[in-house]
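Undergrad: I am attaching a structure below and will ask some questions about it afterwards.
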Amino acid sequence: MSAPLGNWEGQSTARPPLFNGQYYSWWKNRMKDHIIGEDYELWDIVTDGPLATTMKNEEGVDVPKTRTDCTAEDLKKWEKNAKAKKWLVCGLGLDEYSRIQSCTTAKEIWDTLQVAHERTPQVKRSRGTLMYSQYENFTIKEGETIQEMYTRFTTLTNKLKSLGRIILEEDKVEKILTRVLSISWESKITPIQESKNIATLRLDKLIGHLIAYELRRQIMKMDTPKKERSLALRIAEGSDLEDDEMAMITRDFKKYLMRGKGSSRGTTFNKSRAPEKQTNEGCYKCGKTDHMIKNCPQWKIE
């Protein structure tokens, strides 16, 4: 349900909320609560019509009483009828007052405003169908916090309620757990589904769990040293593992690479130190193969 920003009018319990032509659904619910808080019977007058004060005429037909015919009890009814109308009139701006100026009862005023801002019942049903389609396709936006998502979600469900489409608490909880959050929340959603009774889990409790988990993830990101956010962590982006688990895997992977490099260096060293195979090609001086040139007998003869 949309609400005006910075609207301080009507914040006192002694004054009705002000309607200036915008945010009708917001104003309608607040005005209803205000009137019921004053006197519940006044709300019956708004929705069902004024309290009747009639009498039989000479022909036996019920006709409205005049002021002179009213008893003390009748005057109290007149007073309540006037009070219900007063709360509505005092909650309207100039343009909206001009719309209902000719109305004589609180019910006439209320019905006139509903037709003007919610249209006919057929239009109301069509708007409800459109809003429900938006509800069915509702998902969390990229980069949106849980609180921001929850504000959009409650605004939409409140609009549906004002149009006669009431969503049960259990259905809201199930939708957020199964169709609203992205796959990166799966590691939190699964434990909630397994450990809690979804049928009795309140929506505000669920949102509290999700906000606490969101804050914990942000703190963990701040505490993780930047040097540990390597290429391996970036490649795994979008996985279901938590940041601390990914950091641990990254460290283990680095150690594995270091051990592999050490083994390669060791193998290269051993190969470089291995003794070369000696070959005997004989004496180059006399051409015989039974001795080397340094032991050749020709040296002594010469």
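Undergrad: I'd like to check something: does the stretch 146-162 contain any residue that is out of contact with any Lys or Arg (no Cβ under 9 Å at 6 or more places or on another chain) and outside any helix (DSSP H, G or I)?
TA: Taking every residue of the stretch 146-162 in turn, none turns out to be out of contact with any Lys or Arg (no Cβ under 9 Å at 6 or more places or on another chain) and outside any helix (DSSP H, G or I).
Undergrad: Condition check: over 14 Å from the mean Cα position of the chain (by Cα) and within 29 Å of residue 28 (Cβ to Cβ). Does residue 194 satisfy that?
TA: no
Undergrad: OK, next. If you take the residues in the stretch 53-82 that are part of a loop (DSSP other than H, G, I, E, B) and of a type in the set (Ser, Thr, Tyr), which one is farthest from residue 22 (Cα to Cα)?
TA: If we take residues in the stretch 53-82 being part of a loop (DSSP other than H, G, I, E, B) and of a type in the set (Ser, Thr, Tyr), then 71 is farthest from residue 22 (Cα to Cα).
Undergrad: Can you pull out the residues in the stretch 94-103 that are open to solvent by 20 Å² or more (accessible area, probe 1.4 Å) and in contact (Cβ under 8 Å) with a residue 12 or more places away in the chain?
TA: Correct list: 95, 99.
Undergrad: For the stretch 66-76, does any single residue satisfy the condition of being in contact with a helix residue (DSSP H, G or I) (Cβ under 8 Å, 6 or more places away or on another chain), within 26 Å of residue 162 (Cα to Cα) and surrounded by 13 or more Cβ atoms within 10 Å (Cβ to Cβ)?
TA: Checked the stretch 66-76: no residue is in contact with a helix residue (DSSP H, G or I) (Cβ under 8 Å, 6 or more places away or on another chain), within 26 Å of residue 162 (Cα to Cα) and surrounded by 13 or more Cβ atoms within 10 Å (Cβ to Cβ).
Undergrad: Turning to a different aspect of this structure: Quick one: in the stretch 165-217, which of the residues that are part of a loop (DSSP other than H, G, I, E, B) and among the aliphatic types (A, V, I, L, M) is modelled with the lowest pLDDT?
TA: Per the stated criteria, the residue is 198.
Undergrad: Please go through (1) among the hydroxyl-bearing types (Ser, Thr, Tyr); (2) within 23 Å of residue 134 (Cα to Cα); (3) surrounded by 13 or more Cβ atoms within 10 Å (Cβ to Cβ) for residue 187 and return the number of the only condition it doesn't satisfy.
TA: Every condition holds for residue 187 apart from (2).
Undergrad: Separate question: Would you be able to say whether some residue in the stretch 29-52 is out of contact with any Cys (no Cβ under 9 Å at 6 or more places or on another chain), part of a loop (DSSP other than H, G, I, E, B) and farther than 30 Å from residue 12 by Cβ?
TA: Scanning the stretch 29-52 turns up at least one residue that is out of contact with any Cys (no Cβ under 9 Å at 6 or more places or on another chain), part of a loop (DSSP other than H, G, I, E, B) and farther than 30 Å from residue 12 by Cβ.
Undergrad: Taking residue 21 as meeting all but one of (1) free of Cβ contacts under 8 Å to residues at least 60 places away in the same chain; (2) assigned to a loop (DSSP other than H, G, I, E, B), write down the number of the exception.
TA: Status for residue 21: all satisfied but (1).
Undergrad: Scan the stretch 1-21 residue by residue and report those that are within 23 Å of residue 160 (Cα to Cα), open to solvent by 50 Å² or more (accessible area, probe 1.4 Å) and modelled with pLDDT of 85 or more.
TA: Correct list: 18, 20.
Undergrad: Okay, moving on. Out of all the residues in the stretch 41-62, which are of a type outside the set (Asp, Glu), open to solvent by 40 Å² or more (accessible area, probe 1.4 Å), out of contact with any strand residue (DSSP E or B) (no Cβ under 6 Å at 6 or more places or on another chain) and farther than 26 Å from residue 99 by Cα?
TA: 55, 56, 60, 61
Undergrad: May I pose another question? What number of residues within the stretch 83-137 are under 15 Å from residue 17 (Cα atoms) and part of a helix (DSSP H, G or I)?
TA: Adding up the residues that qualify gives 12.
Undergrad: Do we find a residue being touching a Pro at 6+ places or on another chain (Cβ under 6 Å), free of Cβ contacts under 8 Å to residues at least 60 places away in the same chain, buried (at least 16 other Cβ atoms within 10 Å of the Cβ) and not basic (Lys, Arg) anywhere in the stretch 81-88?
TA: Yes, that holds for at least one residue.
Undergrad: While we're on this one: Does the stretch 146-170 hold any residues that are more than 23 Å from residue 23 (Cα to Cα) and open to solvent by 40 Å² or more (accessible area, probe 1.4 Å), and which are they?
TA: Correct list: 168, 169, 170.
Undergrad: For the stretch 124-145, which positions are over 24 Å from residue 168 (Cβ atoms) and open to solvent by less than 60 Å² (accessible area, probe 1.4 Å)?
TA: 144, 145
Undergrad: Keeping to the stretch 95-123, report how many residues are basic (Lys, Arg) and closer than 30 Å to residue 175 by Cβ.
TA: 1
Undergrad: Given (1) farther than 21 Å from residue 218 by Cβ; (2) in contact with a helix residue (DSSP H, G or I) (Cβ under 7 Å, 6 or more places away or on another chain); (3) of a type in the set (D, E, K, R), identify the lone condition not met by residue 179.
TA: Answer for residue 179: the failing condition is (2).
The values are calculated or read from the model by the stated rules, or taken from the named source; none is laboratory data. Bear in mind that the values here come from a model prediction, so they are computed numbers and not experimental data. Ideal geometry is used to build each Cβ from the backbone, glycine not excepted, and the neighbour counts take in all protein chains shown. Quick note on the areas: whole protein, heavy atoms, side chains included, nothing else; ligands and nucleic acids left out. Shrake-Rupley method; radii C 1.70, N 1.55, O 1.52, S 1.80 Å.
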